[in-house]
1. Looking at residue 112, is it part of a strand (DSSP E or B), touching a Lys or Arg at 6+ places or on another chain (Cβ under 8 Å) and either more than 23 Å from residue 354 (Cβ to Cβ) or at pLDDT 95 or above (or both)?
2. Checking the structure you have, find out if any residue of the stretch 738-745 is part of a loop (DSSP other than H, G, I, E, B) and of a type in the set (S, T, N, Q).
3. Can you pull out the residues in the stretch 403-421 that are at pLDDT below 95 and over 20 Å from residue 62 (Cβ atoms)?
4. Taking residue 18 as the residue in question, decide whether it is over 22 Å from the mean Cα position of the chain (by Cα), outside any strand (DSSP E or B) and either touching a residue at least 12 places away in the same chain (Cβ under 8 Å) or under 24 Å from residue 377 (Cα atoms) (or both).
5. Of the residues 701, 777, which single one is closer than 30 Å to residue 622 by Cβ and under 26 Å from the mean Cα position of the chain (by Cα)?
6. Would you be able to say whether some residue in the stretch 697-707 is surrounded by 14 or more Cβ atoms within 10 Å (Cβ to Cβ), over 24 Å from residue 611 (Cα atoms), β-branched (Val, Ile, Thr) and touching a residue at least 12 places away in the same chain (Cβ under 8 Å)?
7. Yes or no: residue 647 out of contact with any helix residue (DSSP H, G or I) (no Cβ under 6 Å at 6 or more places or on another chain) and of a type in the set (Asp, Glu)?
8. Among the residues of the stretch 163-190, how many are open to solvent by 50 Å² or more (accessible area, probe 1.4 Å) and at pLDDT 95 or above?
Amino acid sequence: MIKQEQFESEPWALRERELRIDQLAQSESVFALSNGNLGLRGNLDEGEPSGLPGTYLAGFYESRRLPYAEAGYGYPEAGQTVINVTNGKLLRLLVGDELLDVEYGRLHKHERTLDLRAGVLERRVDWESPAGKRVKVSSTRLVSFTHRAVAAIRYEVEVDRPARIAIQSELVANEDSGTASDDPRTAAALTKPLVAQEGVAVGLRGLLSHQTRGSGLLMSAAMDHVISGPANLTSTIEQLGDVARLTLTANVQPGERVSIVKLLAYSWSSRRGLPSVHAQAIGSLAEAMHTGWDTLLAEQRAYLDEFWDRADVEIDGDPDRQLAVRFALFHVLQAGARAEGRAVAAKGLTGTGYDGHAFWDTESFVLPVLTYTAPNAARDALTWRHATLSVARDRARQLGLRGAAFPWRTIAGEECSAYWPAGTAAFHINADIGHAVGHYLRATGDERFRREEGLELLIETARLFASLGHHDAEGGFHIDGVTGPDEYSALADDNVYTNLMAQQNLRDAAYAAEHAPAKARRLGATSEELAAWRQAADRMAVPYDERLQVHPQDADFTRHAPWDFAATGDRYPLLLHFPYFDLYRKQVVKQADLVLALYLRGDAFTPEEKARDFAYYEAITVRDSSLSACTQAVIAAETGHLELAYDYFAEAADMDLEDLEQNTRDGLHIASLAGAWIAAVAGFGGLRDHDDTLSFSPRLPTPLTRLSLGIGYRGQLLRVEITTKEARYSLRHGPKLEVLHHGQPITVTSGKPASVAIPEISAGDPPRQPPGRAPRPARRK
């Protein structure tokens, strides 16, 4: 497990001063670089040792047959798994005839720094070979935000005495990516999925092209170099099979430096031929060479300066969480910034966990953050969903439903979940997509998207729910046999979260169709259909347990037997120790479900209902999912349990920095990282947008003395600065904005901030959690 003490909490950098081989896989995820299109794990330059080699392209996958002991109609037939593509990070160093290997010789210094403002990973090494030759190596790595297909590395070597050195810069395909695991959260093991199509090596440039065996996707990876060093520096280049290698050799004196700038470009396609894919990689590489290292660095910094100006969350009172929230925002941006037509996966492009699939995490956790901080990335992610509509319509027809049935887990749009109770039955994914569309439209006012992709997504998701549900004899509308966010329940009737989110989906679709009548007619949406949607929404069943005075998670949930926590001991996560059959029929919750409805559909509950519901579900929620803590933080803060909210906030923020789930080696938890922002902004900032108006109910927990956050809203930038006594609202960009502060209307104008007192709140005793499952107390400095 990574301990936070491994890293120094600098305001804008994550620094590791000691290399820990036993934690290498986790640190590779933490130090991963990506732009949403291309991702490089934080592997050492030399390639070995490594925990999990990884170079990924968004949407690039291999297909495989899904195994079933007993198949059934409508079961997905093929799975999709992200693969480790051609590795261009490799830069091996030989001193004399000995390879630099941090496990041999003597490592005097090893330091890595993830610079969140510059957008680079820096490494400094002082190594002495077994033969006593000492070298200093520095490298800087970036994945460009401004050149979508490009990564670059600067690698420099110095010696303390005369030495003969060689640097091997390589492209290598079909690396061993590790072994299979029984943990369902990891990826399927695929052996040598890439088939060589072409290899080129000339001058200082190399290129490899491959095709996947099953999915038939083509890709090219290209490298070029700018080198400098002593006059005796020579180079040779070769290509054989899955390897292209440039070798530099030189006799180096003390005070001399060998420097190599390695530029990489990647391209892939499912439709275009090899010449086109090859040409795209070479063209991107040529543009990067023309731009040059210094300009790539400057462009990276300028891109991030603009992002941080909009998005930065400033925290006074907790340096560790200040770094953690910026680290989280940086990785959320990396996951989606340049995805542009590809999915944002649960692990981003930092590892192979969950086979590289996108889930509902994207729409429910990641897109709210991007909508307020990088709206173009949010729009692109929703545009990807729209691009998969034809596949989702086909899936709905296969299931005997209308509209579109979006997949529970996928890379390219097809359903890849082999376990249908937790996959196909989790229809709330459609409402999550609809909610993300509505949220994006409210926050941006993007009229073109509203009339085009947004309208069609809302209509097709609404059609799904209209056909999935039914009216009872009294006219109530019910959605039966579905699985909500809590994966320890399945095939439930009237899951409250699903019903309330579907209700909003139906209303948003009817509203959008009425305001774009011509396009709605072209999509076949009639006035009768819109009326049916509104009727279903108005009569949506929302179960309530009068005896307990709480909302059951679904119609029957509070009648189930309680889970025996006393007999459970430390056997968590439960899914690895108990059969789903037993989990499904007991009152035990994997992750926030009804509590998530309290947040996303908070307008459907009274404050008293929220307090009672939160206390009830706290006692049975075990948080076996990284998605839970941030939501619990939001509702804990809203109900006045600020210290509990702070502990949950710290858990979400520290999820990967401290490897709390013990699976960071497989990639970062992008939704939990987004959740750190959600806990801070929606929790302590109290941000909501239920009524087409931004509202805030800010309150700080004891450790924090100040919280400042930025919200992009309809082309304006609102800055909210919160202290223990008051909140100050100011407009950085834009003329005027109406907001609510604890229900009080406030008008904020440019150059005229508004400061308002924060009312006190009294809460009862904090709710209890299952034995041993309370959030650990956050370290407070």
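The values are calculated or read from the model by the stated rules, or taken from the named source; none is laboratory data. On a predicted model such as this, the values are computed, not experimentally measured, just so you know. Neighbour counts run over all protein chains shown; Cβ positions are idealised from the backbone, glycine included. Side chains are part of the model used for accessible areas, which takes the heavy atoms of the whole protein and leaves out ligands, DNA and RNA. Shrake-Rupley method; radii C 1.70, N 1.55, O 1.52, S 1.80 Å.
1. Numbers: part of a strand (DSSP E or B): yes; touching a Lys or Arg at 6+ places or on another chain (Cβ under 8 Å): yes; either more than 23 Å from residue 354 (Cβ to Cβ) or at pLDDT 95 or above (or both): yes.
The answer is yes for residue 112.
2. Within the stretch 738-745, none of the residues are part of a loop (DSSP other than H, G, I, E, B) and of a type in the set (S, T, N, Q).
3. Within the stretch 403-421, 419, 420, 421 meet the criteria.
4. Against the criterion (over 22 Å from the mean Cα position of the chain (by Cα), outside any strand (DSSP E or B) and either touching a residue at least 12 places away in the same chain (Cβ under 8 Å) or under 24 Å from residue 377 (Cα atoms) (or both)), residue 18 qualifies.
5. Values: 701 fails: under 26 Å from the mean Cα position of the chain (by Cα).
Matching residue, one of 701, 777: 777.
6. No - not one qualifying residue is present in the stretch 697-707.
7. Details: out of contact with any helix residue (DSSP H, G or I) (no Cβ under 6 Å at 6 or more places or on another chain): yes; of a type in the set (Asp, Glu): yes.
Considered against the rule, which asks whether it is out of contact with any helix residue (DSSP H, G or I) (no Cβ under 6 Å at 6 or more places or on another chain) and of a type in the set (Asp, Glu), residue 647 comes out as yes.
8. Qualifying residue count for the region: 1.
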